[in-house]
Amino acid sequence: MKVDKFTIRVYGIVLFEQKLLTVHENLNGISFVKFPGGGVEPGEGLLDALKREIREELNTEVLVCEHFYTTDFFQRSAFREDEQVVAVYYRIQLADHPKDGFMVSEPHQTLTFFWKPITGISAEDFTLTIDKHVATMLIS
């Protein structure tokens, strides 16, 4: 099946005290583990989208931002067969760090944030292909 459109996603890699911030998300009954972040809205730049997503999810501000990786291979969306995903990752620092198990709940979505020791991280800790690739890059 061909793809008819792109979706652009932007994510933050948050390292603090030798731990990596990960998110367990349940969206409309589908569970997955990912990096914090989300979709870029029309008319929005990448950094503005990342800062908005972090503000919405964690109620804190991004202090430092450095580009880490942009998808360089074809990836079909795990949720929509007709979409290709392009994901951009930034290393970021936060004004405030959430506690382990911090949860944000909305009608069709629940986000639970966990800190994982960076020494124990593997690609298998993540659900989606691009996140697995980024995790591998972080540990190599």
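What is the extension gain from Phe79 to Lys99, computed as 0.36 nm multiplied by their sequence separation minus the C-alpha to C-alpha distance, in nm to one decimal?
4.3 nm is the gain from fully extending Phe79 to Lys99.
Would you be so kind as to identify which of Leu46, Thr70, Pro107 lies farthest towards the positive end of the dipole of the chain, taking Lys and Arg as +1 and Asp and Glu as -1 on Cβ and the Cα centre as origin?
It is Thr70, whose Cα lies furthest towards the positive end.
Rg to Rh for segment 83-140: what is it, with Cα atoms only and Rh by Kirkwood?
0.99
Want the number for Asn26 to Val64: 0.36 nm per residue separation, take away the alpha-carbon distance, what's left?
Gain in length upon complete extension: 10.9 nm.
Let me know the number of lysine pairs in segment 5-139 closer than 20 Å at the Cα, not counting same-chain pairs under 8 apart.
Final tally of qualifying lysine pairs is 11.
For the chain, with only Lys/Arg (+1) and Asp/Glu (-1) charged at the beta-carbon, what is the dipole magnitude about the Cα centre, in debye rounded to 20?
220 debye
How charged is the neighbourhood of Lys132? Take every other residue with its Cβ under 9 Å from the Cβ of Lys132, and add Lys/Arg as +1 and Asp/Glu as -1.
Working: positive: none; negative: Glu124, Asp125, Asp131.
Here the charged neighbours net out to -3.
Mind telling me which of Glu17, Glu57, Glu44 comes out most flexible in a GNM of the chain, alpha-carbon contacts under 10 Å?
The residue that fluctuates most here is Glu17.
Along its principal axes, what span do the Cα atoms of segment 5-139 show, with the longest given first and each in whole Å?
39, 31, 30
Give me the percent of DSSP beta bridges within the chain that run antiparallel, rounded to the nearest 5. Could the numbers behind the result be given before it?
Numbers: 32 of 42 bridges.
In the chain, approximately 75 percent of DSSP beta bridges are antiparallel ones.
Relative contact order of segment 5-139: what whole-number percent is it, with Cα pairs under 8 angstrom and at least 6 residues apart?
On the way: 267 pairs, mean separation 42.5, N = 135.
Relative contact order for segment 5-139 comes out at 31 percent.
Bear in mind that the values in this text are calculations on the coordinates, not laboratory data. Everything numeric here is computed off the predicted structure, so don't read it as measured data. Because the Cβ atoms are built from the backbone with ideal geometry, glycine has one as well, and the counts that use them run over all protein chains shown.
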